[in-house]
Amino acid sequence: MTTPVATREIANLGPLAQLRAGRLARRVPQLIVGLVAYGVSLAMMVVGAVGLAPWDVLHSGLTRYLPLTLGQTVVLISFVVLLLWIPLKEQPGIGTIANAVLVGLSADAALAVLPTAEHLWARVALMVGGVLLCGVASALYIGSQFGRGPRDGLMTGLMRRTGLSLRLVRTGLEGTVVVLGFALGGVVGLGTLLYAVTIGPLTQGLLPFVVVELKERNES
């Protein structure tokens, strides 16, 4: 006899298993809202212009050399990062592909409507608000149980392949993209530091409230 058991853990499922895990009416909207909010948070930090998240430092630097908008650059780099998943043997999920596309598109849409912030207090408020919204957005899309984003998957894949801690891998990877982005003219500042020290604890603290329970069938 089998009994359905609810779990609030983050599952590691393939695309088909993600669809079969149920509660799609809750999970799909949560995924979309989380990814759109993530793009809006990126745009808020861009308008604030007092420092971007590490990967966005690279994105903003690349826009100086590519005939692409910031959002289009985010999409491009997302798929480049996904190519690096191949030798790491990481398995993308539905949320991985959605992340690669929706974050960039929503960032461009938000940049098109957000007004320019002229005063320092407004710019700082946009930066802080962007970091907070990014924490909420990250918890929402991770909690929807549709898989990791391209950059998160790269970190976990490198951790698994190298045997190093996730903290060390993340620090090394994000430090590298900040240096590259800064060299290309990307925006580094207070926002970059605030994001680096708060986004992990913020996302972790919010995640238990938004993780969607999946139904697993275990032998009893």
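The values are calculated or read from the model by the stated rules, or taken from the named source; none is laboratory data. As the structure is a computational prediction, the values presented were derived from the model and not from experiment. Heads up, the Cβs are rebuilt from the backbone with ideal geometry, glycines too, and the neighbour counts pull from every protein chain shown. The area values use the complete protein model at the heavy-atom level, side chains included, leaving out ligands, DNA and RNA. Shrake-Rupley method; radii C 1.70, N 1.55, O 1.52, S 1.80 Å.
For segment 118-220, GluC sites (Glu not before Pro) are listed when DSSP marks them as loop and at most 16 other Cβ atoms sit within 10 Å of their Cβ; the list is Glu118, Glu213. For Val33 and Leu83, the FRET efficiency from 1/(1 + (r/R0)^6), where r spans their Cβ atoms and R0 equals 22 Å, is about 0.20.
Taking trypsin sites (Lys or Arg not before Pro) that fall in a DSSP loop and have at most 15 other Cβ atoms within 10 Å as cut points, what is the longest piece of the chain between them? In the chain, the maximal stretch lacking such sites is 90-220.
So if we plug the beta-carbon distance of Arg64 and Ala109 into 1/(1 + (r/R0)^6) with R0 = 30 Å, what FRET efficiency do we get, rounded to 0.05? For Arg64 and Ala109, the calculated efficiency is 0.90. The length gained on full extension between Ser165 and Thr198, counted as 0.36 nm times the residue separation minus their Cα-Cα distance, comes to 10.0 nm.
Put Val124, Val178 in order of accessible area, highest first, and with a 1.4 Å probe you get Val124, Val178. Rolling a 1.4 Å probe over the protein chains gives Ile97 an accessible area of about 80 Å².
Computed with a 1.4 Å probe on the full set of protein chains, the accessible area for Leu164 sits at about 80 Å². Taking a spot 7 Å from the Cα of Thr176 along the direction of its beta carbon, which residues of segment 76-116 have an amide N less than 18 Å from it? Answer for segment 76-116: 77-90.
With viscosity 1.567 mPa s and temperature 4 °C, the Kirkwood radius over alpha carbon pairs of the chain converts through Stokes-Einstein to a diffusion coefficient of 72 µm²/s.
In terms of its alpha-carbon gyration tensor, segment 59-114 comes out oblate; a/c meets the 1.5 threshold, while b/c is at least as large as a/b.
Overall, the chain carries a charge dipole of about 420 debye about its Cα centre when +1 sits on the Cβ of Lys and Arg and -1 on the Cβ of Asp and Glu, all other atoms neutral.
Considering helices alone, the calculated mean residue ellipticity of the chain at 222 nm is -23500 deg cm²/dmol, with DSSP H runs of length four and up weighted by -39500 (n - 2.57) and normalised per residue.
With a simple spin-label model that places each label point 7 Å from the Cα along the Cα-to-Cβ direction, the separation between Glu118 and Ala17 comes to 5.6 nm. In terms of the Cα gyration tensor, with a ≥ b ≥ c the square roots of its eigenvalues, is segment 58-175 rounded because a/c is under 1.5, prolate because a/b exceeds b/c, or oblate? The shape class here is prolate.
Indicate the gyration tensor shape class of segment 134-180 (rounded, prolate or oblate), computed on the Cα atoms with a ≥ b ≥ c the square roots of the eigenvalues: a/c under 1.5 is rounded; otherwise a/b larger than b/c is prolate and the rest oblate. It comes out oblate by the Cα gyration axes. Between the alpha-carbon centres of segment 7-69 and segment 137-203 there is a gap of 12 Å.
Note on exposure: His119, His59 ranked by accessible area (1.4 Å probe, complete protein assembly) read His119, His59, with the most exposed listed first. Ordered by solvent-accessible area of protein heavy atoms (1.4 Å probe), largest first, the residues Leu166, Leu120, Leu207 come out as Leu120, Leu166, Leu207. For the pair Ala25 and Ala125, a Förster radius of 30 Å applied to the C-beta separation gives a FRET efficiency near 0.30, rounded to the nearest 0.05.
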